[in-house]
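Read through the structure below, which is laid out as structure tokens, and then see the notes.
The values are calculated or read from the model by the stated rules, or taken from the named source; none is laboratory data. Fair warning: this is a prediction, and the values are worked out from it, not measured in the lab. Positions of Cβ are backbone-derived with ideal geometry, glycine not excepted, and every protein chain shown enters the neighbour counts. Note: areas computed on protein heavy atoms with side chains; ligands, DNA, RNA excluded. Shrake-Rupley method; radii C 1.70, N 1.55, O 1.52, S 1.80 Å.
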Amino acid sequence: MADPTLVERYLPAATLENLRRADRDWDDLRHGRLYTPKVIASIDRALDETESKGKKGKKKSNSGYDVTICGGTLGILLGAVLAQRGWKVLLLERGKLRGRDQEWNISRKELREFVELGLLTDKQLETAIVTEYNPARVGFHGHPDLWIEGVLNVGVDPVYLLDTLRKRFIKAGGELCEGVSFGGALVHPDGVTVKVSADGEDAAIETRLLIDAMGHRSPIVAQARDGAAPDSICMVVGSCATGYSEEQNKTGDLMVSNQPIANRCQYFWEAFPARDGRTTYLFTYLDPQPDRFSLESFAEEYLRLLPDYQGVELDDLDFKRFLFGVFPAYRDSPVRLPWDRVLAVGDSSGGQSPLSFGGFGAMVRHLSRLDRAIDDALRSDTLDRASLQLVQPYQPNIAVTWLFQQTMTVPLGGSEPDPDAVNRLLGSVFGAMAQGGDRVLKPFLQDVVQFGCLFEAMARATVAAPLTVVRVLPQVGLGGLLDWTRHFLGLGLYGALSAWDARAGVSERVEKMGDLPPERSFALRRWLEALRYGSGGDYHDE
């Protein structure tokens, strides 16, 4: 009988089964076996023209919500602010609305959004923060480490945060339905009929706007993408454990590689102090090709390499939990839903950077923008497809990061890659950013790319290591370089127009224009917001 693998030795049986279930989904994805559901349809008849009586065994509710949000984990963030505005909001959650045990890492400045929106008091915010550390390391094999403060250095307790927001949501008049599954929706000219099921019974709910916050596995988004494969995958495995030294847990790692390319991938590490130990992740970027390795084999790599990375023995660690996932990213993002009255937010929209594998930070960053835009859409009744697509606009500062993601993805086939290629490039680029100081480095590490900072970093890197930059071109290709140039110039244009808006006070003038048609006023506000957020103009350091 063969000796058990590291994964079989250290993962509990239930966790191992969940890992293998996720691996089956990954196998389907990389072999192109993508199921395209049909959960959304449109109809020309108004709501009051449809049958008021459903089929046998079905109930119909005519309560008429303003907003129905599917997916509670991140949906509660948006639901709470909309309910505070007085909108009738229904939040549907397939299971129990409860945060996970593993902390969400974010920067303190971003967390202030909850206080500024009236969702948390200062005291509640401090209670939600369960870990905080400084500094954090960025490092690449063969290059000096960089240390930075105030970036993703705060750990938030999701259980407390979501429970507090839940109470705020219900107090503001929001309705929460747990144990309710989304079954589909029928879009009418004047609203949406949402089909749900719970405890074996089906029901229909009427709403003006349906918001999809079900994450990257949303059936609504799967239908909209029509079986298209993702352009990139971020594969992640990790754990939270005790047994690390007290000195180790005073700092964290944001992005560290300690070895050359292996298995046609560049491995990266991330580590944070946790309330009940230390969290460590191993992650890599790859394309969804059939010959890519399994999630279980990557978990095996994680356990094999962890002792060298952290200077510990596996048997000296007490594992509290294991974490893993396969996170897709699409160049065509945010997703453009082809229906009126349906909007995707959070991971469903795909609007976060392809370098990220968690949507909490991106959702918080855009929370006030989404709150304003959805409130505006409901008040002006601009809920058509074209208007809602303006709520999730093109962001050149996110699009330009695809070049970095592409340079960190080692393609299959062809000759053996230079084992130090990725580390050499990243060491040069981040070294150039460090020369520009925190004003250049910190926004990039928080997925907020700005034209001036990026231009400065690229120029410094090109001057310091021209051959390193030139070697990247064959991997990126002429088409990829031209595509990146288009987004880079777009970033510059957005930055210039956003600065013009700030100087000329265009946004304030738009707010005072009372004679504009609602559609025109709505579009102008969204365009000005797109300039600000798409250029990184919303970023402000502490």
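Where does the stretch 191-254 land on the Kirkwood hydrodynamic radius, alpha-carbon pairs, in angstrom?
The answer is 17.0 Å.
How much length, in nm to one decimal, is gained on full extension between Asp199 and Glu247, taken as 0.36 nm per residue of separation minus their Cα-Cα distance?
12.2 nm
Which part of the stretch 514-535 falls in the paramagnetic zone of Ser380, meaning amide N under 12 Å from the point 7 Å along Cα-to-beta-carbon?
Residues passing the 12 Å test: 514-529.
For the stretch 353-419, take the alpha-carbon Rg, divide it by the Kirkwood Rh, and send me Rg/Rh.
With Rg and the Kirkwood Rh in hand, the quotient comes to 1.20.
Given just the C-alpha atoms of the stretch 95-137, how large is their convex hull per residue in cubic angstrom?
Considering the Cα atoms of the stretch 95-137, their hull volume per residue is 110 Å³.
Please give the charge dipole size of the stretch 229-387, origin at the Cα centre, charges +1 on K and R Cβ atoms and -1 on D and E Cβ atoms. Round to the nearest 20 debye.
Here the size comes out at about 560 debye.
Put +1 on the Cβ of every Lys and Arg and -1 on every Asp and Glu Cβ in the chain; which of Ile106, Trp402, Met363 then has its Cα farthest towards the positive end of the dipole?
Value computed over the given set: Met363.
Using every alpha carbon pair in the stretch 85-166, what percent of pairs falls into each 5 Å bin from 0 up to the bin containing the largest distance?
With 5 Å bins starting at 0, P(r) equals 3, 13, 18, 19, 15, 13, 7, 5, 4, 2, 1, 0.
Relative contact order for the stretch 106-237 using alpha-carbon pairs under 8 Å, separation at least 6, rounded to a whole percent?
For the stretch 106-237, the relative contact order is 14 percent.
How far apart, in nanometres, would the label points at Glu132 and Asp318 be if each is projected 7 angstrom from Cα along the Cα-to-Cβ direction?
Between Glu132 and Asp318, the simple spin-label model gives 2.7 nm.
Just from the alpha-carbon atoms, what are the Rg and Dmax of the stretch 1-44 in angstroms?
Computed over the Cα atoms of the stretch 1-44, radius of gyration and Dmax are 17.8, 64 Å.
Relative to the present Cα-Cα distance, how much length would full extension add between Tyr160 and Arg471 at 0.36 nm per residue of separation?
Using 0.36 nm per residue and subtracting the Cα-Cα distance, I get 107.1 nm.
Taking every pair of distinct Cα atoms and averaging 1/r, then inverting, what Kirkwood hydrodynamic radius in Å comes out for the stretch 177-283?
Every distinct Cα pair counted, the radius reaches 18.4 Å.
Any idea what the relative contact order of the chain is, in percent, if you count C-alpha pairs under 8 Å spaced at least 6 apart?
The value is 16 percent.
In this model, which of Lys123/Lys250; Lys96/Lys320; Lys167/Lys442; Lys171/Lys442; Lys96/Lys442 are farther than 27 Å apart at the alpha-carbon?
In this structure, Lys167/Lys442; Lys171/Lys442; Lys96/Lys442 lie more than 27 Å apart at Cα.
Calculate the tail of P(r) for the stretch 113-153: the fraction of all Cα-Cα distances greater than 15 Å, expressed in %.
Of all Cα-Cα distances in the stretch 113-153, 59 percent exceed 15 Å.
Would you mind getting the accessible area per residue of the chain, heavy atoms of the protein chains only, 1.4 Å probe, in Å²?
44
Provide the descending list of Cα extents for the stretch 140-209 along its principal axes, expressed in whole angstroms.
59, 31, 28
Find the Cα radius of gyration of the stretch 446-541, compare it with 2.2 N^0.38 Å by division, and give the number to two decimals.
The reported ratio for this selection is 1.42.
Calculate the dipole size of the stretch 117-218 relative to its Cα centre from +1 charges on Lys and Arg beta carbons and -1 charges on Asp and Glu beta carbons; express the result in debye to the nearest 20.
Computed charge dipole of the stretch 117-218: roughly 140 debye.
Estimate the FRET efficiency between Arg100 and Asp145 by the formula 1/(1 + (r/R0)^6), using the beta-carbon distance for r and 41 Å for R0, to the nearest 0.05.
So, using R0 = 41 Å, E works out to roughly 0.85.
Quick check: at a probe of 1.4 Å, how many percent of the accessible area of the chain sits on carbon and sulfur atoms?
52
Which residues in the stretch 364-403 place their backbone N less than 15 Å from a point set 7 Å from the Cα of Leu481 along the Cα-to-Cβ direction?
From the stretch 364-403, the list is 403.
Given q = 0.17 Å⁻¹, what are the Debye log10 I(q)/I(0) values for the stretch 409-473, with equal point scatterers placed on the Cα positions and solvent ignored?
Scattering profile of the stretch 409-473, log10 relative to I(0): -0.63.
Quick one: give the max-minus-min coordinate of the C-alpha atoms of the chain along each principal axis, largest first, in Å.
Result for the chain: principal-axis Cα extents of 67, 65, 50 Å.
What does the charge dipole of the chain about its Cα centre add up to, to the nearest 20 debye, if the Cβ of each Lys and Arg holds +1 and the Cβ of each Asp and Glu holds -1?
Dipole size: approximately 1400 debye.
Contact order normalised by length for the stretch 254-370, with contacts defined as Cα pairs under 8 Å and 6 or more residues apart; what percent is it?
This gives 12 percent for the stretch 254-370.
Working from the alpha-carbon coordinates of the stretch 171-219, get Rg over Rh, Rh being the Kirkwood radius.
On the Cα set of the stretch 171-219, Rg over Rh gives 0.97.
Applying the Karplus parametrisation 6.51 cos²θ - 1.76 cosθ + 1.60 with θ = phi - 60° to the phi angles of the stretch 153-164, what ³J(HN,Hα) value in whole Hz is obtained for each residue in order, glycine and proline being reported as x?
Those phi angles translate into 9, 10, x, 9, 7, x, 5, 5, 4, 5, 5, 5 Hz.
For the stretch 435-443, what does the Karplus curve 6.51 cos²θ - 1.76 cosθ + 1.60, with θ = phi - 60°, yield as ³J(HN,Hα) per residue in whole Hz, taken in order and with x for Gly and Pro?
5, x, x, 4, 5, 9, 6, 5, x
Which value, to two decimals, describes the C-alpha radius of gyration of the stretch 372-501 once divided by 2.2 N^0.38 Å?
My calculation over the Cα atoms of the stretch 372-501 gives 1.30.
Evaluate Rg over Rh across the stretch 290-445, taking Cα atoms for both radii and Kirkwood's formula for Rh.
1.05
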